[in-house]
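**Student:** Provided herewith is a single structure, encoded as structure tokens, for subsequent inquiry.
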Amino acid sequence: MDSEIKKLNDKIISCKKCLRLKNFREKIAKEKRKQFENEKYWGKPITGFGDIDSEILMLGLAPAAHGGNRTGRVFTGDKSADFLFKCLHKAKFANQSNSTNITDGLVLKNVYLTVALKCVPPFDKPTACELKECFKYLKQEIILLKNIKIIVSLGQIAFQSCLKIFDLKRKDFKFYHGARYRINKDLEIVASYHPSPRNVNTKRINQNKMVALLNSLK
Ligand code: SF4
């Protein structure tokens, strides 16, 4: 791994700037979900993962309490990950269709996955202050991933985070699945519905729609 990204990731993993989030991620790691009671939870901030020479950055909001916060890897070990990786594999951005734990052999090609907020927030609702603090890491990631040409935001909050990072006005950018906006000569932002069980169950998103969006990025 690129030494600058590694340095940044080491810094992220040891970050305790947001006391509320530090306490929350550790509480979840201690209490655990019954299904995972024999596992050791990660319980720390999570870093990005994937191809550091990638042209595509996929951005989620934050790690899931019993997904990334348990396994230590973004979009790993929960239902959103199951859906997303089936689609990434179909679109040939991933070598396999599952993302279950950090030793599962997953490799991404031309995609780097990360989250706007590196710690799990209570009720999936970070404060403006926590987001602002953590955006500093995301901005550094975007600078260090030198080949990035497209940022795909997974879900409306990740999309709005992306707009904030580039100081763009929300009213000028409508969120819908497949919306694409060129924000400067080097970078385009793309909106996607989040691969959450709720969106899948309500048929807001399905594999065909997600794979079509992924294929359109090539
Ligand atoms: S949310 Fe970001 S800034 Fe806040 S403690 Fe976690 S890693 Fe640090």
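**Student:** Which of LEU154, ALA179, HIS89 sits farthest toward the positive end of the charge dipole of segment 89-184, with +1 on the Cβ of Lys and Arg and -1 on the Cβ of Asp and Glu?
**Tutor:** ALA179
**Student:** Dipole size in debye (nearest 20) for the chain around its Cα centre, Lys and Arg Cβ +1, Asp and Glu Cβ -1?
**Tutor:** 580 debye
**Student:** If you don't mind, another one. Under a point spin-label approximation (7 Å from Cα along Cα-to-Cβ), what is the ARG20-GLU39 distance to one decimal in nm?
**Tutor:** Modelled inter-label distance: 2.7 nm.
**Student:** Considering only Cα-Cα distances, which of the following residue pairs are longer than 31 Å: LYS16/LYS164; LYS125/LYS174; LYS16/LYS185; LYS34/LYS164; LYS30/LYS174; LYS6/LYS174?
**Tutor:** Those over the limit are LYS16/LYS185; LYS34/LYS164; LYS30/LYS174; LYS6/LYS174.
**Student:** Which value at 222 nm does the chain reach when only helices count, each DSSP H run of 4 or more adding -39,500 (n - 2.57), with the total divided by all residues and rounded to the nearest 500 deg cm²/dmol?
**Tutor:** -11000 deg cm²/dmol
**Student:** Turning to a different aspect of this structure: Which of the aspartates and glutamates could a cross-linker bridge to LYS44, judged by Cα under 19 Å and excluding same-chain residues fewer than eight apart?
**Tutor:** Those aspartates and glutamates meeting the cut-off are ASP10, GLU26, GLU31, ASP78, ASP124, GLU130, GLU133, GLU141.
**Student:** With 25 Å as the cut-off, how large is the P(r) tail for segment 80-191, expressed as percent of Cα-Cα pairs?
**Tutor:** 27 percent
**Student:** Still on this model: Report, for the chain, the % of DSSP beta bridges that are antiparallel, rounded to 5.
**Tutor:** Working: 7 of 21 bridges.
Antiparallel bridges make up about 35 percent of those DSSP assigns within the chain.
Just so you know, all these numbers are worked out from the coordinates, no wet-lab data involved. Computed from a predicted structure; not experimentally measured. All Cβ positions, glycine included, derive from the backbone under ideal geometry; neighbour counts span all protein chains shown.
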